[in-house]
Structure formats: C-alpha cells, structure tokens
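First comes the structure, then the notes that go with it.
The values are calculated or read from the model by the stated rules, or taken from the named source; none is laboratory data. Keep in mind that what you see is a predicted model, and the values were worked out from it rather than measured. Cβ coordinates were reconstructed from backbone atoms using ideal geometry, including for glycine residues, and neighbour counts include every protein chain displayed.
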Number of protein chains: 2
Amino acid sequence: MAQRQDIRLEELALAARNHGMPLEALRLPVTPIGLHYLLTHYDIPIVDADKWSLEIAGLVERPQRLSLADILELPAEELTVTMECAGNGRARMAPRPFSQPWLEEAIGTARWTGTPLIRLLERAGLRKGAVEVVFTGLDRGVEHGRELAYERSLGLDQVLEGDVLLAWAINGQPLPPQHGFPLRLLVPGWYGMASVKWLTKITVTDRPFVGHQQAYAYRVRLSEDEDGEALTRMLPRALMIPPGIPDFPARARTLPAGPCALEGRAWSGFGPIGRVEVSADGGGSWEPAELEADVGSAYAWCRWRHAFEAEPGVAVLLCRAEDATGRSQPLEPVWNLGGYANNAVQRVAVTVVRS
Amino acid sequence: MAQRQDIRLEELALAARNHGMPLEALRLPVTPIGLHYLLTHYDIPIVDADKWSLEIAGLVERPQRLSLADILELPAEELTVTMECAGNGRARMAPRPFSQPWLEEAIGTARWTGTPLIRLLERAGLRKGAVEVVFTGLDRGVEHGRELAYERSLGLDQVLEGDVLLAWAINGQPLPPQHGFPLRLLVPGWYGMASVKWLTKITVTDRPFVGHQQAYAYRVRLSEDEDGEALTRMLPRALMIPPGIPDFPARARTLPAGPCALEGRAWSGFGPIGRVEVSADGGGSWEPAELEADVGSAYAWCRWRHAFEAEPGVAVLLCRAEDATGRSQPLEPVWNLGGYANNAVQRVAVTVVRS
C-alpha cells in the first residue's frame, strides 16, 4: 500500500479541483450535491441566466432560440441516474495515462429534472438527412493549440430512444454552477462525457461530428495511430462501502472481528445488474451478494448486501457485478491510452482486530 | 511546469475524496455548495437527525441534552465566513509533507446560519474553574494505533468573544452530510480544523485539551521533538482568478494580448485586508490593486481588481495581501513538518498570444 508513483504537479492540480464521491456515500440512494463526482475539463463558466439562451440550429424546420423561462415552461420529467466518469479507475492503470487521476470514486447518482430532448427537437422539426445532433457547451479551452468549446454529439438513434434530458435541476434544486447551470444534457446510462454541461447550442447535422472530444478524446485505443472505439455506455461496476474506520492520512482501515455487514451499489449502462459477488479472501473464493429488488429507476444503481465473518488478520475484500447482458468486471485493469473504462474490481484491504 | 514529484497512492486517494474550490469561483462572493473546499479526516458520518442529540457536559451548572428541534428553536444568527484549510499550500512545500496535497484551492466562503455558542453555554451555566471547551464530532478514526473521535477545543476567551456559531445551515439550506449535518461548529477567522463537524458533545473543562488534533496535529513545528505552536487564525492571502482559458489536462493558460481585468479576493483571520498588490512580471515590480470597500462581513474575503496590459510572451502573475495588523505573504513557502499555514504568494503563468 505504500506504493509510490511519479505524479505530475498538473495531475495534482486536476485532483484538487475535481472530486470523486467518498465511498461511504454509497449508503445513500441519491448522492447529495457536493458529493456527486465532478469533472470539469476547462473552467466552470459562471452564467447569467438572464443573458443566456439555447439555440437550436442546423437541419431543423424551425430554428429556435429559447430563454430559460421558455424551457422551464416545457413539460418536465424527473430521472434518477447513476453517472460515472469514463476515466474512473485511470490511476489504477500502469503506466498511468496523464489526465484526472481517478481511483474508483468518479461516480454519483442524482435526481435530474428537465425536459426531454426529443420534445424540443419535435418542436423544431428534424429535416431530411439529419444524422447526428451536436451539443455545444459554454466551457472553452485549448486542445492541441486550438481554442474550442466543449462539444459532443449523439447519433439520432440515441436521441430518439435514449430518454435524453435537457436538465435544469438536480435533486430538486436549480443546477449549481459546477453541474452546468442553467441547462445541461443528461444521457442516461452513458459515461459522463456525453452529458454536455452549460449547454448553449444544439445543432442537427447531416454527418458524424469530428470534434476533439468525439473523434480524438474519449476513445479506447492502444496508440495514437488507432482511431479506436468511441466510449458510450458505462460498463458494469460494483463498489462497496469500505468497512471499519480509517486512519488519517493513509486511510488504512481497521475493523473489529466478528460479523460484518458489507454493502454497496452496482450499476451498468447496458442493462440491469444480474448479480453481485463478494470475495473476502482476495479473490480466492466468491459468494453471491443479496441484491435489493426495487431500484426505483432503470438508470440508477442497485443496492447489494453481504454478511461476512471478519477474522483477525488482514482481509482483502473484493466485489464484482455482472449485468443482464453478461458483461462483467475484470480482476485487473485493461490498459488503454486515455485511461478509460477501467472497471476492474475494487479491492479494499482491512486490518481485522480482536474486539 | 512539467515538474514531477513522487506521490503516494494514499495522497491520491485523499485528493480524489477531498476537493478545493476551483479558482474561477472567486468570481462569486458566496461559494455554492459543492464548490466550497472540503476536507474530511475520516469517513463522513451519515447521521439520522431523529436519533441525534447534542450533549453539554463537564463544568456546567445544568448539563443538557438537546435535540435538533431544540436547537432550531434557539435564536439564530447568520454569518458570512471565509474558511481555509490549515493545510492549504502544502503541496507547494518541498519536501512535501504527507497529508492532503493542497495547492492553493482549499478555501470557500459560505453563509452559515446557527445559534451562537455563547447562548447555549449561558443556558447551561459555566461553573467556576472552566478553562476550555472541548467539541467532539461523530467522525471516528485511528491515529497512532488508537481509535478516537475528531475533537478540538477552544479557550474560554475565544468562546466568549469569537462569534462562534453552532451552525445548522449553509447558504440557506440544511447542512449536507459532508459539511457536518446536522450541526457543526463554526469558528470565524480560524483555519477550518477548529470548526468541528457532526458535533455530538460539548464539554467544559478545567484544563487544556491534549487530544490528537490539538496537541499533536495542527501545530507548526520543524520536528517531532518540538511541541510547536498551535494553529489558530488564518494568515492573510490573496488569490486571483487565473485569466484566459486553460488547456486540458495540463491547465496551461492562454490569454489574448491587450487589456486584461484581473480580479480575485483576499482575506485574513487577523483583521481586515489593508492592501493587495499585483505583479505582472514574476515579482519584479508590484502595483496596488483596487479593493472593494464593502465586504459585507468582517469574516469574509474582500474583492480586488487590477487592470494590466498583456503583452505577447509568457507572463507570470502574482498577487499578495497585507492585513491591518501588518501581516503579509512570503514569496516562497516556509516549510514545517505538517505542511501548515503556507500562505506564499500565488503564481499564475499565462501564455499571452496576439489577438
């Protein structure tokens, strides 16, 4: 555990700004504001809602410019959604790709309120030849020497079938600046990069989008030469609340011997969780955890529990999920250039002491 | 800027849990929930308010046990308070002390609502011989092999004169779990370690408290042999909003040439800010910044502005504050064992490009 790694000051600067969800918050079905993971690529725009508008342009019959008041008048839906950063687990890869150095905390579940994207597009009217929809945020930065806005696209299939929301509230409150005030995209089941924050423009296009965050970043590949595969849905993952209590600052954990009720949550962007298994001996043997039946939302994590008998010594606890499509978690990280989609099983070491 | 440092995986785990305030949030006088810095020593307790109570014990005439409802009925005050972690700036020290590796973002300003501590102590009645008041949180951890609760004390002088609050709301909302729900201490002007979260017990004592967080941690000293000096009030500090836009992931900044309106905020726990100075040439020359007169609260940061002409090339921008007591900021970090109270001036490098 006293493993040392070279880290850049720049990675530290990212880690100080961005934050994961402390795993004890897995106790809560909905993550409070401020505990939900947060990744900001550039600077957080501080937006004056009175001056803000959303433009809908491109291949639409009736181009639109809507104020926040206009959008708040549209039919609203609420969705409880588990969101994970595509870079979650990056810092467990070796060599560690240079970006936000997440361990496994880049997750959260929130109640998002907004208007279905499809309603807005119906109102604007898709024109023939429409293939993708590009979403532009107000956040601007520099990539490879060029200034650009954060932009991502979705294919028309995902737009039409994916329960995609234009969200203006989180957990019943207006979006705070860091979550995209006044309006953000919300793509349930997908890694967070798809859910463009500080939305300012929606453009319907007749061709695939080739912007930086789509064609270069957020692709699984082994070298710069490959195009790689675009990241979309979240791979399955189970996480546990680390049992016992930590020390400071190393966060090494101590647990009294005896019965221990382990619990955590599991999710997948590909379908419902089929099973969660727990190992209390470092992966030597696995036992099924009990899954809570009612998860409340098709897009939210489900709770699992598992009782084990903690015996004095060091225990290494693991958990892993498998979803209804048969996708599961590898025991070790699968490396790629950007450090994406590492859903290797969580390992929690605890020192069990006689109580 | 490509400086590399050895970092422990444990430091990364801390940095992923805890977070600073992204400095663009210096634009806002009050920091939104989720952007205020947060340091949690152990795990965040998830508290059931119905089962929670506050005990007042020790050298008091009438020992008390109060429910949250009891406390919400007491007279309430609101205070806008700038809070900084005592470890802010730690990661700029060399060698870097092992703890949460803050750069300079461990700050925030919030509107806290609660009942003055002094009212509660009057109600309980201080007995003769009272010297200190010990505050116990529900958060538990291990230090030097011993399980303990997070505990800190205040001397009676600070308790009587310091506007100390028992806060149950932040920015008009109930405390979220991470800020100490349902009740926390708030010691205006002091580093954050004094403001005990998840408060469960207040004990009036006849002697100085010698618990871990008082007698061992949070002391400025050069070696384990020294007792050192206890940390109390925040040293002065000015911070600027880094101008221009960043790249990702290195966050190197680009600014168009021409007039640039720099702005930021400054504070000190020892008194009002007397002046802020800005250097646009790496510290070679300094110019006074304009201070906003009305800061609204004696305990909140004040805003400063400074116009400078950005010329093509690399500019290194610095800012520094001096308070009314004459305390100011050093140009370089002053090392100590715990990595505390490093208020060395902020340096922001920007590449100025022809616009």
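Residue-wise test of (1) surrounded by 14 or more Cβ atoms within 10 Å (Cβ to Cβ); (2) within 17 Å of residue A:190 (Cβ to Cβ); (3) charged (D, E, K, R); (4) outside the structural domain of residue A:277 (by TED's automatic domain parsing).
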position: A:210; (1), (2), (3), (4): no, no, no, yes
position: A:213; (1), (2), (3), (4): yes, yes, no, yes
position: A:221; (1), (2), (3), (4): yes, no, yes, yes
position: A:225; (1), (2), (3), (4): no, no, yes, yes
position: A:243; (1), (2), (3), (4): yes, no, no, no
- Query: On the given criteria, is residue A:242 in contact (Cβ under 8 Å) with a residue 24 or more places away in the chain, under 24 Å from residue B:150 (Cα atoms) and within 14 Å of chain B (Cβ to nearest Cβ)?
  - Reply: yes
- Of the residues in region A:155-208, how many are surrounded by 23 or more Cβ atoms within 10 Å (Cβ to Cβ) and either among the β-branched types (Val, Ile, Thr) or not assigned by TED's automatic domain parsing to the domain that holds residue A:44 (or both)? 6
- Query: residue B:297 passes all but one of (1) loosely packed, with under 15 Cβ neighbours inside 10 Å; (2) hydroxyl-bearing (Ser, Thr, Tyr); (3) at pLDDT below 95; which number fails?
  - Reply: (1)
- Does any residue in region A:182-196 that is within 11 Å of residue A:269 (Cα to Cα) come within less than 8 Å, Cβ to Cβ, of a residue that is in a loop (DSSP other than H, G, I, E, B) and charged (D, E, K, R) six or more places away or on a different chain, and which pairs are these? A:188/A:163
- Can you tell me which residue within region A:116-145, out of those that are without any contact (Cβ under 8 Å) to a residue 60 or more places away in the chain and within 14 Å of another protein chain (Cβ to nearest Cβ), is surrounded by the fewest Cβ atoms within 10 Å (Cβ to Cβ)? A:145
- Checklist (1) over 26 Å from the mean Cα position of the chain (by Cα); (2) more than 14 Å from every other protein chain (Cβ to nearest Cβ); (3) among the hydrophobic types (A, V, I, L, M, F, W, C) applied to residue B:255, failing item: (2)
- Requiring at least 3 residues that are at pLDDT 95 or above and among the acidic types (Asp, Glu), the strands (runs of 3 or more DSSP E) wholly within region B:124-208 are B:132-143
- Note: among B:7, B:33, B:44, just one is within 11 Å of chain A (Cβ to nearest Cβ), more than 16 Å from residue B:180 (Cα to Cα), touching a residue at least 60 places away in the same chain (Cβ under 8 Å) and surrounded by 15 or more Cβ atoms within 10 Å (Cβ to Cβ), namely B:7
- Single residue of B:280, B:324 found to be touching a residue at least 40 places away in the same chain (Cβ under 8 Å) and hydrophobic (A, V, I, L, M, F, W, C): B:324
- Message: Please go through region B:81-102 and give me each residue that is away from chain A (no Cβ under 14 Å) and in contact with a Pro (Cβ under 8 Å, 6 or more places away or on another chain), ordered by number.
- Response: B:81
- strands (runs of 3 or more DSSP E) contained in region A:53-123 and holding at least 1 residues in the same structural domain as residue A:173 (by TED's automatic domain parsing), among the hydroxyl-bearing types (Ser, Thr, Tyr) and closer than 21 Å to residue A:188 by Cβ: A:77-84, A:107-116
- Query: Here is a list of conditions, (1) in a strand (DSSP E or B); (2) farther than 30 Å from residue B:138 by Cα, and residue A:222 meets all of them except one; can you say which number that is?
  - Reply: (1)
- Looking at (1) more than 26 Å from residue A:252 (Cβ to Cβ); (2) in contact with a Lys or Arg (Cβ under 6 Å, 6 or more places away or on another chain), which is the one condition that is false for residue B:149? (1)
- Task: Could you check residue A:105 against (1) facing chain B (nearest Cβ under 10 Å); (2) surrounded by fewer than 21 Cβ atoms within 10 Å (Cβ to Cβ) and say which number it fails?
- Result: (2)
